[in-house]
Amino acid sequence: MVTAFIEVVPSDTVKYEIDKNTGYLQIDRPHKYSNAIPTLYGFIPQTYCAEKVAEYAEFQSGKKIDKGDNDPLDICVLSERTITHGNIILQAIPIGGFRLLDRGEADDKIIAVMKGDELHQQWTDISDCPDSYINRLKHYFLTYKALPDEKNTTEIITIYGRKEAHQVINRAADDYKFYMEAL
């Protein structure tokens with residue numbers, strides 16, 4: 001189980017993000033075109049995608065990955081319930097993730113179910129999710145920054161299960177500890 005800070009909900013037409021200097025939720029950018037996140041989206045507090053996450057992504061994928069995206073670890077939380085706004089904390093159970101590269105940087109997306117969710121609690125691993133659900137998430141992350149005449153900068157190189165998601169979360173927590181000690 002992890003704590004997730006939810007920044008964006010499916011009805012949002014802009015992407016919100018925590019400002020690292022102030023801690024306030026700010027508008028990062030309007031969603032382009034018709035893209036809307038299909039799940040609750042945010043990050044796992046006290047995590048950071050840096051060297052350990054990048055090393056693991058490189059080891060698992062065999063691709064050269066020099067660094068993480070220097071942001072907290074992203075999380076998508078599946079729930080049958082309508083949550084109407086972000087800027088909230090909830091408990092989530094990781095079931096897998098996407099090893100995503102954004103401009104060559106490790107930018108993993110942990111997939112989780114909201115604790116106590118009657119419909120989704122039966123999914124204990126990403127392999128339990130219907131392909132249509134995973135495909136919606138994949139489509140979003142492969143197109144959410146793309147403009148029609150620009151080259152796509154995101155790539156999903158692996159979809160992994162619960163055990164590997166825990167490895168990524170642990171490495172992101174280690175990166176966070178290292179980063180905090182360096183301050």
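The strands (runs of 3 or more DSSP E) found wholly in region 24-115 and carrying at least 2 residues that are touching a strand residue (DSSP E or B) at 6+ places or on another chain (Cβ under 7 Å), hydrophobic (A, V, I, L, M, F, W, C) and buried (at least 17 other Cβ atoms within 10 Å of the Cβ) occupy 40-43, 74-78, 88-102, 109-114.
Within region 144-160, being farther than 18 Å from D69 by Cβ and outside any loop (DSSP other than H, G, I, E, B) holds for one residue alone: I159.
Checking each residue in region 105-118 for being without any contact (Cβ under 8 Å) to a residue 40 or more places away in the chain and of a type outside the set (D, E) picks out K109, V113, G116.
For region 116-129, a residue qualifies if it is surrounded by fewer than 17 Cβ atoms within 10 Å (Cβ to Cβ) and not in a loop (DSSP other than H, G, I, E, B), and the qualifying residues are Q121, Q122, S127, D128. Looking at S132, is it among the polar types (S, T, N, Q), assigned to a helix (DSSP H, G or I) and touching a Gly at 6+ places or on another chain (Cβ under 8 Å)? No.
Every condition in (1) assigned to a helix (DSSP H, G or I); (2) within 17 Å of F43 (Cα to Cα); (3) basic (K, R) holds for K163 except the one numbered (2). Within region 66-87, the only residue that satisfies the criterion of being at pLDDT below 95 and of a type in the set (A, V, I, L, M) is I83.
The values are calculated or read from the model by the stated rules, or taken from the named source; none is laboratory data. Computed from a predicted structure; not experimentally measured. As a convention, Cβ positions derive from the backbone with ideal geometry for all residues, glycine included, and neighbour counts pool all protein chains shown.
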